[in-house]
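Only one structure is covered here, and it is reproduced in the block below.
The values are calculated or read from the model by the stated rules, or taken from the named source; none is laboratory data. Quantities reported herein were computed from a predicted structural model and do not represent experimental measurements. Backbone-built Cβ (ideal geometry, glycine too); neighbour counts: all protein chains shown.
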Amino acid sequence: MRIALCVFVIACGGSSPKPAEAPSAPPAAKMASFTLNGYTLTSAEYWPYAGTEDIKYPEEVLWGFYPVQGVVPEGETEPNPASARPEAVACAEQAYAALRAWLATDPPVLKQIVAAKTADGTMVPRFYLWTNDYGLAASPYPPGLREARLWWWARKQPEPPKPPGYWKWESVLTQSGECVIPHQPQIDQYLAEMAAKLP
């Protein structure tokens, strides 16, 4: 009887071990300019849509990776008219991570296009992160939602020493809060069409 009691006391004595905690998701990498495989991400822009009206460009566009109202972002001359919503920033961070991962693969078709176009001065290997925020827009939104995509934006008029344009990595935060980033089929098709036009 004494032996059984001692075993019981030893087994039950002390504090019970704490249950294992589920690992938390790693924090998103802080966005910043970077250069990878010869490509440079310069900065970011947010297009915050509201109600039923289309956005006023450039007055209502927010510039920089983390736009704050009243703060002049690096490379700009005017302060941001508003702060980017946290949901839009989270979507931008998701797009940022995807862009970095894609450029790390050093896409061969992109390299071919950039090499040919850089030689004639019509293109540079520079990227800009673009996030459309429809979180405060009407649903449906009369002007229509922009597409998440990769594309080349060229200046209508050259403005040396500014670059002739930028590759835009454009994402969309829908009214329901879904973050849509550029997808591979669109990227592949767009680059294939550009490569087909090379001399």
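Residues that are modelled with pLDDT of 95 or more and in a strand (DSSP E or B) occur at least once in the range 174-191.
Taking first residues from the range 79-93 that are under 19 Å from Pro58 (Cα atoms) and partners that are outside any loop (DSSP other than H, G, I, E, B) and among the acidic types (Asp, Glu), the Cβ contacts under 7 Å between residues at least 6 apart in sequence or on separate chains come to Arg85/Asp133; Ala88/Asp133.
Considering the conditions (1) out of contact with any strand residue (DSSP E or B) (no Cβ under 6 Å at 6 or more places or on another chain); (2) at pLDDT 95 or above, Lys162 is excluded by exactly one of them, (2). Residue pairs whose Cβ atoms lie under 9 Å apart, sitting 6 or more positions apart in sequence or on different chains, and linking a residue in the range 153-164 that is of a type in the set (A, V, I, L, M, F, W, C) to a partner that is part of a loop (DSSP other than H, G, I, E, B), are Ala154/Thr122; Ala154/Met123; Ala154/Pro164. Using the structure shown, decide if Trp153 is within 22 Å of Phe34 (Cα to Cα), touching a Gly at 6+ places or on another chain (Cβ under 8 Å), of a type in the set (Phe, Trp, Tyr) and at pLDDT 95 or above. In short, yes. Listed conditions (1) surrounded by 14 or more Cβ atoms within 10 Å (Cβ to Cβ); (2) within 23 Å of Asp188 (Cα to Cα) are all met by Asp133, apart from (2). Among the residues of the range 80-92, are any touching a Pro at 6+ places or on another chain (Cβ under 8 Å), part of a loop (DSSP other than H, G, I, E, B), modelled with pLDDT under 95 and not small (Gly, Ala, Ser)? No, the range 80-92 has no match at all. Output the residues belonging to the range 168-185 that are touching a strand residue (DSSP E or B) at 6+ places or on another chain (Cβ under 6 Å) and under 18 Å from Tyr96 (Cβ atoms). Once the filter is applied, which keeps residues that are touching a strand residue (DSSP E or B) at 6+ places or on another chain (Cβ under 6 Å) and under 18 Å from Tyr96 (Cβ atoms), the range 168-185 yields Lys168, Trp169, Glu170, Ser171, Val172, Leu173, Cys179, Val180, Ile181, Pro182. The residues of the range 27-67 that are free of Cβ contacts under 8 Å to residues at least 60 places away in the same chain, under 17 Å from Asp133 (Cα atoms) and assigned to a loop (DSSP other than H, G, I, E, B), listed by number, are Ile55, Lys56, Tyr57, Pro58, Glu59, Glu60, Val61, Gly64, Tyr66, Pro67.
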